[in-house]
Amino acid sequence: MSNIPKIVILGAGYGGILTAQRLQKELNYNEADVTLVNKHDYHYFTTHLHMPAAGTDKMENARVSISKLIDEFKIDFVKATVQQIRLQDKKVLLEDGSALSFDYLIIAMGGEPETFGIPGMAEHAMNIRSINSVRFIRQHIEFQFARYKRDQSRTECLTFVVGGAGFTGIEFVAELADRIPKLCKEYDVDPELVKIYNIEAAPSALPGFDPELVEYAMDVLKKKGVTFKIGTAIKECTPDGVIVGENEFIKAGTVVWTGGIRGNHMIEEAGFETMRGRVKVDEYLRAPGHDNIYIIGDNSLMFNPEGRPYPPTAQIAMQQGVTCAHNIVASIRNQQPKKFVFSNKGTVASLGKGEAIGVVGNRKFKGFIAAQLKKAVDIRYLFIIGGIPLVLKKGKFF
Ligand code: FAD
Ligand code: NAD
């Protein structure tokens with residue numbers, strides 16, 4: 001039996017893929033066994049999911065086969081759903097009953113919707129989290145139009161509620177507003193009958209983001225037909241709509257919850273101390289008390305020099321993947337690990353076709369230029385993980 005270290009990576013999202021690719025590059029032949037475990041045999045671009053969710057782009061453009069991203073001679077890919085992490089046994093249990101043992105573990109399974117215990121939210125609202133979850137939203141939206149046409153007393157079928165005006169809510173509502181006129185045409189529906197609500201509990205949409213750009217974004221979206229309810233919390237979600245603010249009921253055929261995320265439930269279940277399901281990792285990305293366990297991406301919690309938590313983004317997950325791989329190789333070679341230092345490349349958010357907002361360094365961007373910037377960011381990612389072939393295959397759709 002081989003006694004080289006076993007490295008197991010859980011999740012092939014932004015953090016997991018970058019870790020796998022870096023390990024593949026940095027490890028020498030026979031220096032370690034690397035296994036990458038993921039629920040699906042594809043990697044999906046979460047940052048693109050608002051488009052297929054609304055139906056403004058094809059599902060296929062938001063994913064790529066994992067076999068195209070890794071060298072399977074160097075990395076064992078296991079398509080499986082992780083069911084349990086057993087720290088004491090140094091094992092990961094998979095859904096089919098099998099187990100993987102590890103010397104080093106990287107947990108990169110991404111976030112889960114945070115419902116804050118709002119009654120009915122987990123049961124009745126939809127989420128933008130994966131290819132399967134957005135497939136469902138897309139089909140559901142079309143179904144609402146078909147349903148309305150069969151029984152035109154059901155005007156609630158044409159009411160869409162998006163709960164939370166963070167970046168996910170804003171990007172989705174923008175795509176939805178772009179898609180509605182096409183659906184109205186296809187289903188012979190008067191566009192005046194369609195209502196799109198974006199409901200936000202905080203005193204502003206995109207809380208904490210540049211106020212001038214927030215105002216710009218809201219103006220663009222209002223012109224596209226979005227009604228904002230700001231400073232209005234969703235209190236309950238029912239099968240027929242949402243209860244907001246002081247007991248106002250909004251009857252709606254579609255409720256999409258974009259109110260935030262938390263870490264993967266398996267992390268808490270494994271016995272790690274968490275805050276909203278995320279583990280406060282050390283500067284080398286290791287879980288407290290476990291020098292061989294690294295937690296990255298949406299499952300990890302790190303603070304900026306001012307003591308505020310970094311928001312969970314693809315950007316930080318990717319950078320953590322690179323440092324994590326470096327530190328595991330260093331550990332195997334008895335070398336010094338590197339501290340993780342986040343390099344903020346900026347934030348750019350889409351507002352639908354040809355429109356976006358962004359801050360890069362201390363420069364602000366809006367409109368067409370920001371939309372081009374958003375494309376450039378997405379294409380850069382394709383290049384990082386898949387080189388020119390992936391850019392040529394998917395880049396034109398971004
Ligand atoms: P993920 O990328 O979510 O990957 C987790 C992986 O683990 C997935 O492949 C999943 O299938 C797999 N997995 C989960 N559970 C299991 C299990 N039990 N067993 C096996 N595999 C499992 N961030 C930005 O920086 N820029 C953006 O423009 C941006 N846009 C976004 C747009 C939307 C609509 C959304 C929802 C998020 C956006 N984000 C953006 C945030 C970003 O997508 C996340 O922060 C990022 O995906 C986190 O990466 P991760 O590696 O932690 O997890
Ligand atoms: P988020 O936590 O950033 O935003 C959720 C929003 O929902 C908040 O504004 C919050 O006040 C609101 N909310 C919470 N409870 C509510 C309630 N009961 N009623 C109404 N509103 C409520 O979550 P997100 O938008 O999904 O973003 C998750 C992460 O992904 C963030 O770090 C974000 O920066 C990142 N992201 C980035 C981009 C981008 O860079 N283009 C796009 C999408 C997501």
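A short reminder: the numbers here are calculations on the coordinates, not readings from a lab. Keep in mind that what you see is a predicted model, and the values were worked out from it rather than measured. Quick reminder, even Gly has a Cβ in these numbers, built from the backbone with ideal geometry, and neighbours come from all protein chains shown.
Quick notes
- Selection of the range 280-311 for residues being exposed (fewer than 13 other Cβ atoms within 10 Å of the Cβ) and at positive phi yields GLY289, GLY307.
Every residue, every condition in (1) more than 29 Å from GLN84 (Cα to Cα); (2) of a type in the set (Ser, Thr, Tyr); (3) touching an Asp or Glu at 6+ places or on another chain (Cβ under 6 Å), yes or no:
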position	(1), (2), (3)
ASN3	no, no, no
ILE7	no, no, no
ALA12	no, no, no
ASN28	yes, no, no
ASP33	no, no, no
VAL37	no, no, no
THR47	no, yes, no
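For every residue, the table says whether it meets (1) more than 17 Å from THR232 (Cα to Cα); (2) away from ligand 2 (no atom under 16 Å from the Cβ); (3) of a type in the set (Val, Ile, Thr); (4) surrounded by 14 or more Cβ atoms within 10 Å (Cβ to Cβ).
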residue	(1), (2), (3), (4)
GLN152	yes, yes, no, no
VAL161	no, no, yes, yes
LYS182	yes, yes, no, no
PRO203	no, no, no, no
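- The one condition in (1) part of a helix (DSSP H, G or I); (2) among the β-branched types (Val, Ile, Thr); (3) within 11 Å of ligand 1 (Cβ to nearest atom) that ILE106 fails to fulfil: (1)
Yes/no matrix, rows are residues, columns are (1) polar (S, T, N, Q); (2) touching a residue at least 24 places away in the same chain (Cβ under 8 Å); (3) not in a helix (DSSP H, G or I):
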| residue | (1), (2), (3) |
| --- | --- |
| CYS157 | no, yes, no |
| VAL162 | no, yes, yes |
| GLY169 | no, yes, no |
| PHE172 | no, yes, no |
| ALA177 | no, yes, no |
| GLU186 | no, yes, no |
| VAL189 | no, yes, yes |
| GLU192 | no, no, no |
| ILE196 | no, yes, yes |
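- When ASN132 is tested against (1) more than 25 Å from ILE7 (Cβ to Cβ); (2) crowded, with 18+ Cβ neighbours inside 10 Å, only condition (2) is not met.
- For GLY208: the one exception among (1) closer than 18 Å to ALA370 by Cα; (2) within 16 Å of ligand 1 (Cβ to nearest atom); (3) surrounded by fewer than 16 Cβ atoms within 10 Å (Cβ to Cβ): (1)
- Matching residues in the range 213-253 - criterion: being part of a loop (DSSP other than H, G, I, E, B) and of a type in the set (Asp, Glu): ASP240, GLU246
- Criterion applied to GLN320, GLN335, GLN372, GLN315 was being within 12 Å of ligand 2 (Cβ to nearest atom), on the phi < 0 side of the Ramachandran plot and either out of contact with any His (no Cβ under 8 Å at 6 or more places or on another chain) or not aromatic (Phe, Trp, Tyr) (or both), and the one residue passing it is GLN315.
- Matching entry among ILE328, ILE261 (being closer than 24 Å to ALA12 by Cβ and within 15 Å of ligand 1 (Cβ to nearest atom)): ILE261
- Qualifying residue in the range 13-22 (condition: surrounded by fewer than 22 Cβ atoms within 10 Å (Cβ to Cβ), of a type in the set (D, E, K, R) and out of contact with any strand residue (DSSP E or B) (no Cβ under 6 Å at 6 or more places or on another chain)): yes
- Residue in the range 113-123 that is hydrophobic (A, V, I, L, M, F, W, C), more than 16 Å from ligand 2 (Cβ to nearest atom) and not in a strand (DSSP E or B) present: no
- Residue pairs whose Cβ atoms lie under 9 Å apart, separated by 6 or more positions or on different chains, with the first residue in the range 72-86 and farther than 17 Å from GLY13 by Cβ and the second buried (at least 16 other Cβ atoms within 10 Å of the Cβ) and of a type in the set (Asp, Glu), are ASP76/ASP33.
- Of all the residues in the range 239-284, those that are more than 10 Å from ligand 2 (Cβ to nearest atom) and farther than 30 Å from GLN83 by Cα number 12.
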